[in-house]
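Engineer: Got a structure here, written out as structure tokens. Questions coming.
The values are calculated or read from the model by the stated rules, or taken from the named source; none is laboratory data. Predicted, not measured: the structure shown is a model, and the values here were computed from it. Cβ placement follows ideal geometry from the backbone for every residue including glycine, while neighbour counts extend to all protein chains displayed. Calculation scope for accessible area: heavy atoms of the full protein, side chains included, ligands and nucleic acids excluded. Shrake-Rupley method; radii C 1.70, N 1.55, O 1.52, S 1.80 Å.
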Amino acid sequence: MNRFQPIYDIAEICSGKGVVNAVLCPGSRCAPLVMAFARHEKIKTRTFSDERSAGFVALGLSQQSKQPAVVVCTSGTAAYNLSPAVAEAFFSETPLLVLTADRPAEWIAQHDGQTIYQADIFGKHVKKSFQLPQEYDHPDNLWAINRIVNEAINLAKQEPCGPVHINAPFREPLYPSSNEDVTFTKSVRILEEEINETIISDDAKLNIQIGFKSYHHVLIVAGQQDYNPELIKTLNEFFSKHNIPIVADITANVHPIEKLVAHPDLFLGQASEEVKKSLQPDLLITFGKSVLSKNLKVFLRKYSPKAHWHIQQAGPVVDVFQNLTKVIRSTPQKFFKTVSQFSRTEGFENQKQNNYNKLWEIEERRAQRCITEFFPHKDFAELELVREILLALPANCNLHLANSMSVRYANFIGLTAAQSGIHVYSNRGTSGIDGCTSTAIGHCLADNKRPNILITGDLAFFYDRNAFWNNYPTPNLRIALLNNHGGLIFKIIDGPGTLPETDEYFVTTQKLNAKSLCEEFGISHLALDLKRKLKNLLKDFYDFDGATKILELESSSSINKTIFDNFKLKIKKAYDL
Ligand SMILES: Cc1ncc(C[n+]2csc(CCOP(=O)(O)OP(=O)(O)O)c2C)c(N)n1
């Protein structure tokens, strides 16, 4: 048997468990793992030299392929550089298998190169960290390697999904000799796991029904989640039966719901306390992960419901609005199907819920009217460009929204119910600006037919420029770069605005534009310097002719701030009429 056979068989186990993508970062210590994945014919491998980018690419590959991607790196700081992506995967609940190569235990902290403490290196940001045996001479070691890899993948896929780490110490020689074959044991053991969705018991149904019928100002709020057409269908049916308002940010991926309240961030930021009081729910039902809209969060904390139910299949539950009263262990799909079957409350009670729903409808319509009337604005800048980009999105594509103003702008504008083929992604697990481009590239590589449109600010873009430092064409990638030469968000939020340190230490004003980066990486650069060029440039931008394209708008932060203030004012004034 080849000395590294149990390690080569890791790729076979991964393949047997559905893994189709692996990102391999360079190094010597990881050679046994690299050889295993590179030679496995069912796993598509790619290499990224910057582990910070590689981790996020793997994240994108997992999200798009709906299977955990593998990321392999060598020993030392290489492993640490995967940390931001691992943390994002943890909080965004994305399955990932992180394989770090290591030196044998006796060589740690012995001034041997490229050696750091790697056991448990990702701390609480992985679901579990395993250590592989470093000798393969006893059958128990072989059994342990097989068991650990199987368990790690099962765990990554279990709700709530997330990253799992395996640290693998290797003894030299690390590379196979020229006459040595890398082969796989086809009969390798695969440990399957049946995942059953939690079923709502008859008792629980009864409790939900009793609770549900005792409230007449019921509100649904969806947090960030993957696009799920079945759930959208169920929510549409649920709405038409019960007239319960459904509120969601763009990241919740429920934009195809006809009567969705999609602009809470806009109107709750400007409405009077009286209006907000009238919108107070008595029962709040939530599902999904984080809510983007700050104004919605503040509103739900202040105008707290009597009861707040959160629907979540498994895992620890957060209490973001500080008023959680019940956790329902089910999927939103099952829950809303069940509740849709309840008979409607009749008479006065029903009328109260209808009236409550109307109040939310009025606010949503007001926000939509303001958006339509605001454009075209006398000054053209980022907000209007985001609107044009969203309006012209291809029918079936991924929309990636970088942190921080990009995702907020897109949330203010929103998608329409007709844009049902659009799936929205944003690294909101940790809201980092560090891997937004790399994540989008992971999606591009996982499905090279599907268009991916990334809207990003300049700091997020230049931060992650090594995303482009790879050898894989991404003709399906389009980037709209909102270059306001700094972090505009720090001009928008309350706090830093008036401090003398703001520009230098918060906004961190910078002079770069994307022209030379585009030349360096062979990307087509479309500079939007005049509004009248927009129509033609957008046409070119959305022409998928084989090139990767960046549409860049350079504009000053002050003009963007003014437009944004005008936009808010427009909504505020709508309440004075
Ligand atoms: C890795 C990381 N470092 C710092 C931050 C804090 N941060 C949040 S938004 C932001 C500025 C982003 O600027 P830019 O990408 O230009 O977008 P804009 O705010 O102009 O829309 C910073 C530094 C972060 N979220 N992630």
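Engineer: With n ≥ 4 as the cut-off for DSSP H runs, can you work out [θ] at 222 nm for the chain, using -39500 (n - 2.57) per run divided by the number of residues, rounded to the nearest 500? Intermediate results must be reported in sequence, preceding the final value.
Structural biologist: Working: 21 runs with 228 residues, N = 577.
Result for the chain, helices only: -12000 deg cm²/dmol.
Engineer: Classify the chain: rounded, prolate or oblate, from the alpha-carbon gyration tensor (a ≥ b ≥ c, eigenvalue square roots; a/c under 1.5 rounded; otherwise prolate if a/b is larger than b/c)?
Structural biologist: Numbers: a/c = 2.18, a/b = 1.37, b/c = 1.59.
It is oblate, given that a/c is not under 1.5 and a/b is not larger than b/c.
Engineer: Among T115, P133, L206, flag the residue with its Cα farthest along the positive direction of the charge dipole of the stretch 88-219, charges on Cβ as +1 for Lys/Arg and -1 for Asp/Glu.
Structural biologist: L206
Engineer: For the stretch 321-335, take each phi angle, set θ = phi - 60°, evaluate the Karplus expression 6.51 cos²θ - 1.76 cosθ + 1.60, and give the result in whole Hz per residue in order, putting x for glycine and proline.
Structural biologist: Here the 3J(HN,Hα) series is 9, 6, 9, 5, 10, 8, 10, 10, 7, 7, 8, x, 4, 5, 4 Hz.
Engineer: Next up: Near the amide H of E552, under 5 Å away, which other amide H atoms are found, from residues 5 or more places off or on another chain, if H is placed in the peptide plane?
Structural biologist: It is L481, L526, A527, L528, by chain and number.
Engineer: Could you check the spin-label model distance between T498 and A392? Points 7 Å from the Cα along Cα→Cβ, value in nm.
Structural biologist: The two pseudo-label positions are separated by 4.1 nm.
Engineer: Still on this structure, I have one more. Between the stretch 524-565 and the stretch 338-354, how far is it from one alpha carbon centroid to the other, in angstrom?
Structural biologist: The distance from the Cα centre of the stretch 524-565 to that of the stretch 338-354 comes to 48 Å.
Engineer: Placing one identical point scatterer on every Cα of the stretch 178-336 and ignoring solvent, what is log10 I(q)/I(0) from the Debye formula at q = 0.13, 0.16, 0.19 Å⁻¹?
Structural biologist: Cα-only, vacuum Debye calculation for the stretch 178-336: -0.63, -0.92, -1.30.
Engineer: I would also like to ask the following. Please report the equivalent ellipsoid semi-axes of the stretch 410-549, computed as sqrt(5 x eigenvalue) of the Cα gyration tensor, largest first, in whole Å.
Structural biologist: 26, 18, 17
Engineer: Could you tell me which of G495, S426, L569 has its Cα farthest along the dipole of the chain towards the positive end, charges placed at Cβ (Lys, Arg +1; Asp, Glu -1), taken about the Cα centre?
Structural biologist: Going by the charge dipole, the pick is L569.
Engineer: Report the net charge of residues surrounding S438, where surrounding means a beta-carbon distance below 15 angstrom and charges are Lys +1, Arg +1, Asp -1, Glu -1. Present the calculation step by step, with values, prior to reporting the outcome.
Structural biologist: Numbers: positive: R46, R52, R465; negative: D50, E51, E88, D434, D464.
Every neighbour counted, the sum reads -2.
Engineer: Please list 328-336, 504-512 highest first by mean number of surrounding beta-carbon atoms within 10 Å per residue. Please list the in-between numbers first.
Structural biologist: Numbers: 328-336: 21.2, 504-512: 13.4.
Going from most to least packed, we get 328-336, 504-512.
Engineer: Round to the nearest 10 and report in Å² the accessible area of H216, as given by a 1.4 Å probe over the protein chains' heavy atoms.
Structural biologist: 30
Engineer: What order, most packed first, do the peptides 380-386, 451-457 have when packing is the mean number of other Cβ atoms within 10 Å of each residue? Before the final figure, lay out each step's value.
Structural biologist: Working: 380-386: 22.0, 451-457: 25.7.
The packing order, highest mean first, is 451-457, 380-386.
Engineer: On to the next question. Assign unit charges at the C-beta atoms only (+1 for Lys and Arg, -1 for Asp and Glu), then state the dipole size of the chain relative to its Cα centre in Debye, rounded to the nearest 20.
Structural biologist: The calculation lands at about 1700 debye.
Engineer: Sticking with this one: Give me the percent of accessible area attributable to carbon and sulfur for the chain, probe 1.4 angstrom. It would help to have the intermediate numbers written out before the result.
Structural biologist: Details: 12760 of 24590 Å².
Carbon plus sulfur share of accessible area: 52 percent.
Engineer: Which length gain, in nm to one decimal place, applies between V298 and N566 when the Cα-Cα distance is subtracted from 0.36 nm times their residue separation? Walk me through the numbers on the way to the answer.
Structural biologist: Numbers: separation 268, 0.36 × 268 = 96.48 nm, distance 2.23 nm.
Contour length minus Cα-Cα distance gives 94.3 nm.
Engineer: Something else: Give, as a single signed number, the net charge of other residues whose beta carbon lies under 12 Å from the beta carbon of N513, with Lys and Arg counted +1 and Asp and Glu -1.
Structural biologist: Working: positive: K511, K515; negative: D458, E519, D529, E552, E554.
Residues close to N513 contribute a combined charge of -3.
Engineer: Residues with amide H under 5 Å of T286's amide H, sequence separation 5 or more or different chain, H placed in the peptide plane at 1.01 Å from N; which?
Structural biologist: Close amide H contacts, sequence-distant or interchain: V221, W309, H310, I311.
Engineer: Compute the helix-to-body angle for 436-446: its Cα long axis versus the longest principal axis of the chain, expressed 0 to 90° and rounded to tens.
Structural biologist: 70
Engineer: What do you get for the angle between helix 347-374 and the principal long axis of the chain? Use alpha-carbon atoms, 0 to 90 degrees, nearest ten.
Structural biologist: Helix 347-374 sits at roughly 80 degrees to that axis.
Engineer: Applying a 10 Å radius around every beta-carbon, put 356-364, 344-352 in order of their mean neighbour count, most first. Before the final figure, lay out each step's value.
Structural biologist: Working: 356-364: 18.4, 344-352: 11.9.
The peptides rank, most packed first, as 356-364, 344-352.
Engineer: Additional query: How big is the charge dipole of the stretch 1-89 about its Cα centre, in debye rounded to the nearest 20, if each Lys and Arg gets +1 on its Cβ and each Asp and Glu gets -1 on its Cβ? Don't skip to the answer; put the middle values down first.
Structural biologist: Numbers: 9 positive and 6 negative charges, 30 e Å.
Approximately 140 debye in magnitude.
Engineer: What is the pair-distance distribution P(r) of the stretch 155-246, computed from all Cα-Cα distances in 10 Å bins starting at 0, with each bin given as a whole percent?
Structural biologist: Bin by bin from 0 Å, the calculated values are 9, 21, 26, 15, 11, 10, 7, 1.
Engineer: OK, next. Which ³J(HN,Hα) values in Hz, rounded to whole numbers, follow from the phi angles of the stretch 313-319 under the Karplus curve 6.51 cos²θ - 1.76 cosθ + 1.60, where θ = phi - 60° and Gly and Pro get x?
Structural biologist: Residue by residue, the stretch 313-319 yields 3, 7, x, x, 10, 8, 10 Hz.
Engineer: In the stretch 235-277, what GluC sites (Glu not before Pro) fall in a loop by DSSP, with at most 14 other Cβ atoms inside 10 Å?
Structural biologist: Values: sites: E237, E258, E273, E274; in loops: E258.
Those that pass, being in a loop and sparsely packed, are E258.
Engineer: In whole angstrom, note down how far apart the Cα centers of the stretch 465-514 and the stretch 397-454 are.
Structural biologist: Spelled out, the Cα-based centre of one part sits 16 Å from the other.
Engineer: Which value in nm describes the separation of the simple spin-label points at F348 and A119, placed 7 Å from the Cα toward the beta carbon?
Structural biologist: The two pseudo-label positions are separated by 6.9 nm.
Engineer: A further question follows. Need the C-alpha centroid separation for the stretch 4-61 versus the stretch 238-263, integer Å.
Structural biologist: First find each Cα centre; the distance between them is then 40 Å.
Engineer: Could you give the dipole magnitude of the stretch 282-434 about its Cα centre, charging the beta-carbon of Lys and Arg +1 and that of Asp and Glu -1, in debye to the nearest 20?
Structural biologist: Values: 20 positive and 13 negative charges, 115 e Å.
The calculation lands at about 560 debye.
Engineer: Another question, if that's okay. Given a 1.4 Å probe, how much area per residue of the chain is accessible, in Å²? Don't jump to the answer; show the numbers that get you there.
Structural biologist: Working: 24590 Å² over 577 residues.
Per residue, the chain has 43 Å² of solvent-accessible surface.
Engineer: Turning to a different aspect of this structure: May I ask you to evaluate 6.51 cos²θ - 1.76 cosθ + 1.60, the Karplus curve with θ = phi - 60°, for each residue of the stretch 22-37 and list the ³J(HN,Hα) values in order in whole Hz, giving x for glycine and proline?
Structural biologist: Listing the rounded values in order: 9, 9, 10, 8, x, x, 9, 4, 8, 3, x, 6, 4, 4, 4, 6 Hz.
Engineer: Rounded to the nearest 0.05, what FRET efficiency do K358 and Q209 give with R0 = 22 Å and r taken as the Cβ-Cβ distance? Could you check? Walk me through the numbers on the way to the answer.
Structural biologist: Values: r = 25 Å, r/R0 = 1.12.
Rounded to the nearest 0.05, the efficiency is 0.35.
Engineer: Of all chymotrypsin sites (Phe, Trp or Tyr not before Pro) in the stretch 1-78, which ones are in loop regions per DSSP and have a Cβ with at most 14 other Cβ atoms within 10 Å?
Structural biologist: Numbers: sites: F4, Y8, F37, F48, F56; in loops: F4, F48.
Answer by residue number: there is no such site.
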